Amino acid sequence: MLVVGDVTLPPEGYQSRLSDSLNRSDVEFLPLTNCDVTSLLDGRTRREDFLVISKRHVRIAYPVDDLGSSI
């Protein structure tokens, strides 16, 4: 599945990047809000207000500023 959602990060400084959040060894899960979840099998998309994803299941992650220009 493909998940596109919002991650809340500190505004500046220590651990304010997405990569910092993903690389923290003391945190196993990534909370996401305002998520679009798309099935890779049939292409159907559903909306979820909140998801918690295990970092072990994340294969690729990157910031998306404008979804329309990135996909």
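Among 41, 18, 30, determine the one that fluctuates most according to a GNM of the chain built with springs between C-alpha atoms less than 10 Å apart.
Maximum fluctuation in the GNM of the chain, among the listed residues, is at 41.
Please give the net charge around residue 23, taking every other residue with its beta carbon less than 11 angstrom from that of residue 23, where Lys and Arg add +1 and Asp and Glu add -1.
Once all neighbours under 11 Å are counted, the net charge is +1.
Got the relative contact order for the range 1-51 handy, in percent, Cα pairs under 8 Å and 6 or more residues apart?
40 percent
Lys/Arg Cβ at +1, Asp/Glu Cβ at -1, dipole of the chain taken about the Cα centre: which of 5, 25, 63 is farthest positive-ward?
25
Using a Gaussian network model of the chain whose springs link C-alpha atoms within less than 10 Å, name the residue from 25, 16, 39 with the highest mean-square fluctuation.
25
How big is the shadow of the Cα convex hull of the chain, averaged over all directions, in nm²?
Taking the Cα atoms of the chain, their convex hull projects to 5.4 nm² on average.
Within the set of other residues whose C-beta is less than 13 Å from the C-beta of residue 37, count the net charge using Lys and Arg as +1 and Asp and Glu as -1.
-1
Using a cut-off of 11 Å between beta-carbons, work out the net charge of the residues near residue 9 (Lys and Arg +1, Asp and Glu -1, residue 9 not included).
So the surrounding residues net to -2.
Determine the per residue accessible area of the chain with all protein chains present and a 1.4 angstrom probe, expressed in square angstrom.
82 Å²
The values are calculated or read from the model by the stated rules, or taken from the named source; none is laboratory data. Remember, predicted model here, so these are calculated numbers, not experimental data. Don't worry about glycine lacking a Cβ; one is built from the backbone with ideal geometry, like all the others, and counts go over all protein chains shown. Surface areas here come from the heavy atoms of the whole protein model, side chains and all, with no ligands, DNA or RNA. Shrake-Rupley method; radii C 1.70, N 1.55, O 1.52, S 1.80 Å.
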